[in-house]
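First, the structure itself, so that you have it in front of you.
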Amino acid sequence: CGYVEERVLGEVFGRMREMVEKGIGHDFVSYTVLVDGFSKLGDVEKSFTFLAKMIKEGHRPNKVTYSAIMSAYCKKGKVEEAFGVFESMKDLGIDLDEYVFVILIDGFGRIGDFDKVFCLFDEMERSGISPSVVAYNAVMNGLSKHGRTSEADELLKNVAADVITYSTLLHGYMEEENIPGILQTKRRLEESGISMDVVMCNVLIRALFMMGAFEDVYALYKGM
């Protein structure tokens, strides 16, 4: 798991060979680590190779395994394939949680299919899952990426925003060169009392530069 996170694939395969040499068979946990790891690296084909081996050896995939496959598909832009995995999970009776829905909401949001985004959002609520700020952020991120930041901003009234929420709005308004939107978001951020992280500061600095507010940029930089 550590080598996968560090993308040291030579060591990943080296440890796998070592397991074979020592007579240690893969179990559900080790296969899930590999499926999830290569999914995060965007190597869907390798993930499916391990998934096939996992099933062949009698280890039943669970929600974590299937979620990893969905995430990999979405990273490749193959959102319909990810949705197919989602439907398979439902057919198998696997309990779905917010994370599973968010993977798809984010995937469809990135390609601009907002009919599917809001259908999934509604389905999540019908399933008894209360959307958190994570789900709202996924919807808002998709809207902002497609020039619909004002619509994303409307969702803010339904959720307790976090630093990612405000970063998303600021970035969207900046791309649209919507200065009133930037100023309004900056004001609400300051009133919220949320502590900014370095990503948030960078987004805000870029927005302020775009507005020509150089003194504010300097003050923010010094504050960092």
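The values are calculated or read from the model by the stated rules, or taken from the named source; none is laboratory data. The structure displayed is predicted, hence computed values, not measured ones. Quick reminder, even Gly has a Cβ in these numbers, built from the backbone with ideal geometry, and neighbours come from all protein chains shown. Areas reflect the complete protein model, heavy atoms only, side chains present, ligands, DNA and RNA absent. Shrake-Rupley method; radii C 1.70, N 1.55, O 1.52, S 1.80 Å.
Looking at the stretch 24-35, is at least one residue closer than 18 Å to Gly84 by Cα and part of a helix (DSSP H, G or I)?
Among the residues of the stretch 24-35, at least one is closer than 18 Å to Gly84 by Cα and part of a helix (DSSP H, G or I), which makes the answer yes.
Follow-up. Which one of Lys157, Lys186 is closer than 18 Å to Asn137 by Cα, open to solvent by less than 90 Å² (accessible area, probe 1.4 Å) and not β-branched (Val, Ile, Thr)?
Just one listed residue meets the conditions, Lys186.
Counting only residues that are open to solvent by 90 Å² or more (accessible area, probe 1.4 Å), touching a residue at least 12 places away in the same chain (Cβ under 8 Å) and under 18 Å from Tyr73 (Cβ atoms), how many does the stretch 3-57 have?
Qualifying residue count for the region: 1.
Mind checking which pairs have a first residue in the stretch 116-132 that is in contact (Cβ under 8 Å) with a residue 24 or more places away in the chain and a second that is among the small types (Gly, Ala, Ser) and buried (at least 18 other Cβ atoms within 10 Å of the Cβ), Cβ under 8 Å, 6 or more apart or different chains?
Val117/Gly109; Val117/Gly142; Met124/Ala135
Within the stretch 65-81, can you find the residues that are surrounded by fewer than 15 Cβ atoms within 10 Å (Cβ to Cβ) and assigned to a helix (DSSP H, G or I)?
Result: Glu80, single match.
One line per residue, one yes/no per condition, for (1) modelled with pLDDT of 90 or more; (2) within 22 Å of Ser130 (Cβ to Cβ):
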{"residue": "Lys157", "(1), (2)": "no, yes"}
{"residue": "Ala160", "(1), (2)": "no, yes"}
{"residue": "Val163", "(1), (2)": "yes, yes"}
{"residue": "Glu175", "(1), (2)": "yes, no"}
{"residue": "Gly193", "(1), (2)": "no, no"}
{"residue": "Asp197", "(1), (2)": "no, no"}
{"residue": "Ile205", "(1), (2)": "yes, no"}
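Hey, which of the helices (runs of 4 or more DSSP H) in the stretch 114-224, taking only ones fully inside, have at least 2 residues that are under 21 Å from the mean Cα position of the chain (by Cα) and of a type in the set (D, E, K, R)?
Fully inside the stretch 114-224 and qualifying: 114-126, 149-154.
Still on this model: Could you check His59 against (1) in a loop (DSSP other than H, G, I, E, B); (2) closer than 23 Å to Asp122 by Cα and say which number it fails?
All conditions are met except number (2).
Please indicate, with yes or no, whether at least one residue in the stretch 87-108 is open to solvent by less than 20 Å² (accessible area, probe 1.4 Å), farther than 16 Å from Ser71 by Cα and out of contact with any helix residue (DSSP H, G or I) (no Cβ under 6 Å at 6 or more places or on another chain).
No, the conditions are met nowhere in the stretch 87-108.
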